[in-house]
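The values are calculated or read from the model by the stated rules, or taken from the named source; none is laboratory data. Predicted, not measured: the structure shown is a model, and the values here were computed from it. Please note: Cβ atoms are built from the backbone with ideal geometry, for glycine as well, and neighbour counts cover all protein chains shown. With ligands, DNA and RNA removed, areas are computed over all heavy atoms of the protein, side chains included. Shrake-Rupley method; radii C 1.70, N 1.55, O 1.52, S 1.80 Å.
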Amino acid sequence: MKAAAILVAALVSVGVAACGTPVVGVPVPVAATPAPTTSTTVIAVPAAPQTVYVQQPPAYVAPVDTAEARTVVAYYDAINRRDFATAWSLGGSRIAGGGGYTRYVNGFATTSWATVTVTDVRGSTVWVVLSAVQIDGTTRTFSGSYTVSGGVLTGSRMTRTK
């Protein structure tokens, strides 16, 4: 009988707890829902450029791996990254034809990206074919050579072929 009274008391307690009335001194398991986690990442957004360039992965083909060929490839890589200061220091200053740095940079205003193919290296002369995709989608093609000395372009003889 005593067991029945304890059972009834326990059932009443559970029923009361289920109805929302707190039962003092009885631990009630609670399922805790973790708060959603958030994170904040600060991303530096550069100022909007005046011209939108279509970025395509430039292709470099250098069948002859020499320091001279790598210098020409590095020059065009800098141009494709719009890192004109590096391109200028790799010899752009020597092959720009006058007018200074600003005129040199402005000369690439309509160029979206360039693909250079090294076709031959003879001593300090690197022979290339160059395809320059313009921002309007057209392609200008050039062929010719660059002279390299001490890791810098010192001369160029390029002719537009298309």
Looking across the range 91-106 at residues that are over 22 Å from the mean Cα position of the chain (by Cα) and surrounded by 15 or more Cβ atoms within 10 Å (Cβ to Cβ), the single one that is nearest to V133 (Cα to Cα) is Y104
Residue pairs qualifying under the 9 Å Cβ cut-off, at least six apart or on distinct chains, with the first in the range 83-104 being on the phi < 0 side of the Ramachandran plot and free of Cβ contacts under 8 Å to residues at least 12 places away in the same chain and the second being assigned to a loop (DSSP other than H, G, I, E, B) and open to solvent by 60 Å² or more (accessible area, probe 1.4 Å), are R103/G97
The number of residues in the range 107-157 that are out of contact with any Lys or Arg (no Cβ under 8 Å at 6 or more places or on another chain), surrounded by fewer than 16 Cβ atoms within 10 Å (Cβ to Cβ) and either among the charged types (D, E, K, R) or more than 13 Å from V72 (Cα to Cα) (or both) is 11
The condition from (1) surrounded by 13 or more Cβ atoms within 10 Å (Cβ to Cβ); (2) of a type in the set (S, T, N, Q); (3) modelled with pLDDT of 95 or more that T66 misses is numbered (3)
Across the range 135-162, the tally of residues that are assigned to a strand (DSSP E or B) and not hydrophobic (A, V, I, L, M, F, W, C) stands at 15
Being assigned to a helix (DSSP H, G or I) and within 24 Å of K162 (Cβ to Cβ) narrows A69, A132 down to just A69
- prompt: Does the range 110-118 contain at least one residue that is among the β-branched types (V, I, T) and part of a helix (DSSP H, G or I)?
  reply: no
